[in-house]
Structure formats: structure tokens, C-alpha cells
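The values are calculated or read from the model by the stated rules, or taken from the named source; none is laboratory data. Bear in mind the structure is a predicted one, so any value in this text is a computation, not a measurement. Cβ placement follows ideal geometry from the backbone for every residue including glycine, while neighbour counts extend to all protein chains displayed. For the accessible areas, the whole protein counts, side chains as well, though only heavy atoms, and no ligand, DNA or RNA atoms are used. Shrake-Rupley method; radii C 1.70, N 1.55, O 1.52, S 1.80 Å.
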Amino acid sequence: MGVCPRTARHSGRLEDLLEQAVHGLTLGSLYAMVAAGLALMFGVVRLINFAHGEFYMLGGYAFWYAYRELGLPYPLAGLAATGALSAFGWAYERTVIRTILPRSWHVQLIATLATSITLTNGAILVFGTQPKEVPTRLSSTILELGGLRVAAQRLLVLVAAIVIFAGLEWFVTRTKLGKAMRAMSQNREACAVVGVDVQHIALVTFTISAGLAAAAAVLVSPLFNIFPDVGALLTLKAFAAVITGGFGYVKGAIAAAFLIGLAESLAAGYVSYAYKDAIAFVVMVVVLLVRPQGLFGRRIGI
């Protein structure tokens, strides 16, 4: 007995929709890991780091070098890249951020933008402008799930993102350092008065934020190319997610990032691919018109 043409068309449309949804969740995972670090920085340290997207870019290149050039297995290459960028975040806080933190927001803005430009041009000098590809066995493995075809790498991204966010939640709510970060996000001056080492907390925050960006690069680089200016637009989209979710609220930034990823994927698939990079900002503007404080806006706290 043959299949009804109408049923086949509906089935094909549903599969297309599910594929776009999986792609959107993959993008959302990328944006969420970067936005979570950006929200942590603002929530705890009260600083917007416009060089944050370059952490992702450097993490991608570190992963490419460890995996393709040194020949390390995927898990080891990923750990090496994440560790290297965490160390970079530590050094960045000790050198650049600690110097500008007491200064006005104008100085902070210029300094982080200058860092972004410097890192981008440094990557061009070292790695060139040709995009780097980091295909893995998982990125070329296609799984059939009830008629839905999806790369195994995308499933890894989704599972790893869930684990990372669960670990971040546990760290912030259960550990001494995490509780100090939450307290500092609510009242930095009171923390300093009662003896909390606010400089150390800021150092830990930047180390974690850089590690999150590197983890995103390790997971997503096998699906998307790495190139020197990949971080510029990513910073803006992550910033849009932070604003949409509620400035400085990490969970809100994560939720908004997934919303933006899904909206971007569906718009690219059903409207026009040419408009996909504008979707994040359209979502941000629409949300701010309805809720000026963001989807999950709070007065204080991460």
C-alpha cells in the first residue's frame, strides 16, 4: 500500500522543522555558554567585556592546534584548550581588568574594545585569514532518529551544555567561592567590609568565563569554521542575550540565548538566511518593548 502524498509532505515538513530546531538548539548552546560568561562578568564584577567573543576565537584556535597540529584525542584537545583559555582569562584579569576596574566605564569600554581589536589582529598575524576547519568523527557521523537526520556532534553539544550549566549552577549555589560570587553580585562594598577578597572573586569569575567560552569553541568548532573575527558578532549576540534575559542574571541570559538560537535558525530556514544575524537584535528589541527589564529582570544578583 502506498503512502498518501499529503501525509508524506506533512512528514517532510515536520522533519525539516525538527532539523531546524536541533540546529537552533545548537546555536543556542553556543550563545548561552558565551552569554553566561558575559553575564557572570557583569553580575559579579560590574564590567562589560567587549573582548569576550575573542575568548571563544582563541579557544577555537587552541583546540585546532591541539587536535589537528599536535594530534591529541578530542577529549584531551578539548581539555587542553579549555585549560589554556582559563589561564588566559586569569592573566587578562590580573593585567588588564585589575588596572581598569577602578576607572570610569569610558576607560573600561575603550580598554576592552582595544583588547578585542588587538586579539583579532594578532590572530590574523599568527593564523592568517583562511578559516580553520576541525572536523571530528562525531561531526561526520549522522544519526537517524525516527526519520530525523542529525550529526552526533550536535547531540554532544546539547548534552555537554546541559552538564556545563548544571555544574555552573552547583558551583554558584553550593561552593564557598560560588556563594561569595553571589554575595559580591549583590553588594560588592559590603563584601569588602566583611573581609571577602573581592579581587580574588573577580579573578575566579574571569577564569570561569574564559573557560566557558573555550568550552563552547571546543564543542562547536567541529561544526563551524574558526576565523579571526568570529568573536566580534558573537560578542554582540551574547550581549543581546544578556540584555534580553535581564542584565547580569545568568539563568536569564542562558534562556534568552536559546530563544535567540531557535529564532535565528527558524528565520534562516523559513524566511531568509540573509537576515539571520539580525534576529538576535530583533528579539532583543521586541522583548525590551514589552519588558524593559528583560525576560527575567532582577534588581540585584546573578
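Worth pointing out:
- Segment 32-68: number of residues that are among the β-branched types (V, I, T) and open to solvent by 10 Å² or more (accessible area, probe 1.4 Å): 1
- Every condition in (1) assigned to a helix (DSSP H, G or I); (2) open to solvent by less than 60 Å² (accessible area, probe 1.4 Å) is met by Y275 except one, and the failing one is (2).
- Of all residues in segment 274-285, those that are closer than 14 Å to G245 by Cβ have Cβ atoms under 7 Å from Cβ atoms of residues that are modelled with pLDDT of 90 or more and acidic (D, E), 6 or more apart or on another chain, in A280/E264.
- For P292, the criteria (1) touching a helix residue (DSSP H, G or I) at 6+ places or on another chain (Cβ under 8 Å); (2) open to solvent by 60 Å² or more (accessible area, probe 1.4 Å); (3) not in a helix (DSSP H, G or I); (4) not hydroxyl-bearing (S, T, Y) hold in every case but one, which is (1).
- Hits in segment 120-132 - residues which are surrounded by 13 or more Cβ atoms within 10 Å (Cβ to Cβ), closer than 15 Å to Y65 by Cβ and out of contact with any strand residue (DSSP E or B) (no Cβ under 8 Å at 6 or more places or on another chain): G122, A123, F127
- Residues (of a type outside the set (K, R) and outside any helix (DSSP H, G or I)) located in segment 85-104: L101, P102, S104
- Residue satisfying condition, being of a type in the set (G, A, S), part of a helix (DSSP H, G or I), open to solvent by 10 Å² or more (accessible area, probe 1.4 Å) and touching a residue at least 40 places away in the same chain (Cβ under 8 Å), within set A263, A217, A240, A183: A263
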